[in-house]
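Participant: So that we are looking at the same thing, I have put the structure below in C-alpha cells.
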Amino acid sequence: MITKAVSILRAGGLVAFPTETVYGLGADATNAAAISKIFAAKERPVDHPLIVHLARMEQLSEWACEVPPAALKLAQAYWPGPLTIILKKQPSVLPSVTGGQDTIGLRLPRHPVAQALLQAFGGGIAAPSANRFTHISPTTAAAVYEELGNKVDLILDGGACEVGLESTIIDMSRDQPRVLRPGMITAQAIAEVLGASVAVTQQPEQAIRAPGMHHLHYAPTTQTVLIATDKISSFISSLAAEELPIALVTYSDLSLPMIAGIYSICMSQNVAAYAHDLYHTLRLLDNQGVKRIVMEMVPTEEEWDAVRDRLFKAGTLIDNLSKK
Ligand code: TXA
Ligand code: MG
C-alpha cells in the first residue's frame, strides 16, 4: 500500500494518511497542482498555510532557511511527535503551501504509517487535517472517508489516532517563542525544554461568547453548548420536552437523574484519554439526530488547555439561565 501511495503522490494525487494526532490529507509539497487539489478537496480558503511533514530532521534545512538553536532543541526533544515548528521558509517553497507567508510549519510525525510513507516518498508531504473546512478533524480512516469520500485517491488506514487532537504549533521564527495552537505538548513543557518563557496566543474562540453567537471552527453540525459542572443538574432538569433528545457529555462523577431523552456519555478524567476520544465522540453524536450536544466544561489546569481550546471551537459556553 505504501508503494501505491507513493506513486499517487508522485503523480500529483492526494493520499490521506494517519498521524499520531489526526489524519492528514497529503500531497507532494513541491507540486503546485497537487497542492491546489488539497484546497479544492477541503473547500479551504487558499490563504490558510499547510504543514509540511518530513521523515528526517536533516531535511529541515531544505524547507527552513533559518533554524535557531532553540528550534533545534525543540525538534530534538519532541520529534518525531505532535509538535509543529514554524520557521522562516526557504525561498524555493511554493507560496501556495505557506499561504503567501514567509514562514513554514514543519513536523516529523511519529505514527509508523506516516513514517513509512514519508521515508518511501523521500520528500516533504504537505498535509492539513483530512476534513472539510470548519469540520472536526478525522481520527479514523472511516472519518476521513465520511469527510472527503472520493475526493482523495487513497486512504491509508492506520487505526485510531493515538493523541486525537491536532499538534501543538510553536512559532520559532520570531524573537520570542509563541504557541499559536495549543496541543498535548503544553507551553509549560516547551518552556522547560527551552529554559525560556513561551508566549501563548489567546485563541479568539476562548473569549466567552454570548449564548447563541455564531461561530464556525471545528464544530459539529449539531448545535453544541458548553456548561460548567455545577450548572449541569439544574440545566437538565429545566429542559422542556421539545428540547429533547440531547446528548450530554461529562467527565466528572455526577449523580444526575435519569431522564428519558438525555443520552449520557461519560468521558475519561485522564486528559490523554479524553483527548484521544473527543473528536470520535463528537463525530458519533453528530450523526445521532439529537437536538443539542451538551458538553461539561473541562478543568482550567494547563494540561487541559488543548482540550479546552477544541471545546471552545466546537461550542458556545452557556449558563443555565440563558440556555435558549
Ligand atoms: O496535527 C496536525 O497538525 C495535523 C496533522 C495532519 O499533521 N495537521 C493539521 O493541519 O492540523 P491543519 O492545516 O488542519 O492546521 C494547520 C494549522 C492551520 O491553522 C494553519 O493556519 C497553521 O497550522 N499554520 C501552518 N503554517 C503556518 C505558518 N507558516 N504560520 C502560521 N500558522 C501556520
Ligand atoms: Mg485542520
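The values are calculated or read from the model by the stated rules, or taken from the named source; none is laboratory data. Since we're looking at a predicted model, the values are computed, not measured. All Cβ positions, glycine included, derive from the backbone under ideal geometry; neighbour counts span all protein chains shown.
Participant: Within the group GLY105, GLY124, which residue is farther than 29 Å from ASP286 by Cβ and of a type outside the set (D, E, K, R)?
Facilitator: Exactly one of GLY105, GLY124 is farther than 29 Å from ASP286 by Cβ and of a type outside the set (D, E, K, R), namely GLY124.
Participant: Give the residue that is farthest from VAL52 (Cα to Cα), with candidates limited to residues of segment 70-94 that are of a type in the set (D, E, K, R) and surrounded by fewer than 21 Cβ atoms within 10 Å (Cβ to Cβ).
Facilitator: Of segment 70-94, the ones of a type in the set (D, E, K, R) are 73, 88-89.
Still in the running and surrounded by fewer than 21 Cβ atoms within 10 Å (Cβ to Cβ): 73, 88.
Working: LYS73: 19, LYS88: 13 Å.
Filtering segment 70-94 for residues that are of a type in the set (D, E, K, R) and surrounded by fewer than 21 Cβ atoms within 10 Å (Cβ to Cβ), the one farthest from VAL52 (Cα to Cα) comes out as LYS73.
Participant: Now a separate question. Looking at segment 148-163 only, could you name the residues that are more than 10 Å from ligand 1 (Cβ to nearest atom) and over 23 Å from VAL6 (Cβ atoms)? Write out each step before concluding.
Facilitator: Within segment 148-163, the first condition is being more than 10 Å from ligand 1 (Cβ to nearest atom), and the residues that meet it are 148-160, 162.
The answer is ALA160, GLU162.
Participant: Please go through segment 132-147 and pick out each residue that is more than 10 Å from ligand 1 (Cβ to nearest atom) and in a loop (DSSP other than H, G, I, E, B).
Facilitator: Taking segment 132-147 as the starting set, the residues that turn out to be more than 10 Å from ligand 1 (Cβ to nearest atom) are 132, 134-136, 139-147.
Listed by number, the residues that qualify are ARG132, THR134, HIS135, ILE136, THR139, THR140.
Participant: Just wondering, is there one or more residues in segment 74-83 that are under 15 Å from GLU58 (Cα atoms), assigned to a loop (DSSP other than H, G, I, E, B), without any contact (Cβ under 8 Å) to a residue 40 or more places away in the chain and not basic (Lys, Arg)?
Facilitator: yes
Participant: Could I ask something else about it? Any residue that is surrounded by 15 or more Cβ atoms within 10 Å (Cβ to Cβ) and part of a helix (DSSP H, G or I) - is there at least one of those in segment 248-271?
Facilitator: Yes: one or more hits.
Participant: Which of the residues spanning segment 280-306 are in a strand (DSSP E or B) and under 16 Å from THR222 (Cβ atoms)? Show your work before the answer.
Facilitator: From segment 280-306, those in a strand (DSSP E or B) are 292-296; that's our starting set.
Of everything in segment 280-306, those that are in a strand (DSSP E or B) and under 16 Å from THR222 (Cβ atoms) turn out to be ARG292, ILE293, VAL294, MET295.
Participant: Filter segment 148-197 for residues that are hydrophobic (A, V, I, L, M, F, W, C), more than 14 Å from ligand 2 (Cβ to nearest atom) and assigned to a strand (DSSP E or B) and give the result.
Facilitator: Those that are hydrophobic (A, V, I, L, M, F, W, C), more than 14 Å from ligand 2 (Cβ to nearest atom) and assigned to a strand (DSSP E or B): LEU154, ILE155, ILE170, VAL179.
Participant: Still on this structure: Any residue in segment 88-102 that's closer than 18 Å to SER36 by Cβ and within 10 Å of ligand 1 (Cβ to nearest atom): show its pairings with residues that are at pLDDT below 95 and charged (D, E, K, R) at Cβ separation under 6 Å, as long as the two are six or more apart or on different chains.
Facilitator: Qualifying pairs under 6 Å: GLY99/ASP47.
Participant: Only one of these is more than 16 Å from ligand 1 (Cβ to nearest atom) and not charged (D, E, K, R): ALA33, ALA41. Name it.
Facilitator: Details: ALA41 fails: more than 16 Å from ligand 1 (Cβ to nearest atom).
It is ALA33.
Participant: Kindly provide the set of residues from segment 122-131 that are part of a loop (DSSP other than H, G, I, E, B), more than 15 Å from the chain's Cα centre (by Cα) and within 13 Å of ligand 1 (Cβ to nearest atom), ordered by number.
Facilitator: Across segment 122-131, the qualifying residue is only GLY124.
Participant: Out of everything in segment 48-58 that is under 19 Å from ILE169 (Cα atoms) and more than 18 Å from the chain's Cα centre (by Cα), what residue ends up being nearest to ligand 2 (Cβ to nearest atom)?
Facilitator: Taking segment 48-58 as the starting set, the residues that turn out to be under 19 Å from ILE169 (Cα atoms) are 48-57.
Next, from what is left, pick out any that are more than 18 Å from the chain's Cα centre (by Cα): 54-57.
On the way: LEU54: 19, ALA55: 22, ARG56: 24, MET57: 24 Å.
Taking the candidates together, the pick is LEU54.
Participant: Regarding LEU87, is this residue more than 25 Å from GLU162 (Cβ to Cβ), in a strand (DSSP E or B), out of contact with any Asp or Glu (no Cβ under 6 Å at 6 or more places or on another chain) and more than 16 Å from ligand 2 (Cβ to nearest atom)? Before the answer, list the steps.
Facilitator: On the way: more than 25 Å from GLU162 (Cβ to Cβ): yes; in a strand (DSSP E or B): yes; out of contact with any Asp or Glu (no Cβ under 6 Å at 6 or more places or on another chain): yes; more than 16 Å from ligand 2 (Cβ to nearest atom): yes.
Here the answer is yes, as LEU87 does meet what is asked.
Participant: Please enumerate the residues belonging to segment 8-19 that are within 12 Å of ligand 1 (Cβ to nearest atom) and surrounded by fewer than 20 Cβ atoms within 10 Å (Cβ to Cβ).
Facilitator: none
Participant: Can you find a residue that is free of Cβ contacts under 8 Å to residues at least 40 places away in the same chain and either crowded, with 22+ Cβ neighbours inside 10 Å or within 14 Å of ligand 2 (Cβ to nearest atom) (or both) anywhere in segment 109-116? Show your work before the answer.
Facilitator: Let us first name the residues in segment 109-116 that are free of Cβ contacts under 8 Å to residues at least 40 places away in the same chain, namely none.
Checking segment 109-116: not a single residue is free of Cβ contacts under 8 Å to residues at least 40 places away in the same chain and either crowded, with 22+ Cβ neighbours inside 10 Å or within 14 Å of ligand 2 (Cβ to nearest atom) (or both).
Participant: Moving on. Tell me yes or no: at least one residue of segment 71-83 is touching a Pro at 6+ places or on another chain (Cβ under 9 Å), under 22 Å from THR21 (Cβ atoms) and among the polar types (S, T, N, Q).
Facilitator: No: segment 71-83 contains no residue that is touching a Pro at 6+ places or on another chain (Cβ under 9 Å), under 22 Å from THR21 (Cβ atoms) and among the polar types (S, T, N, Q).
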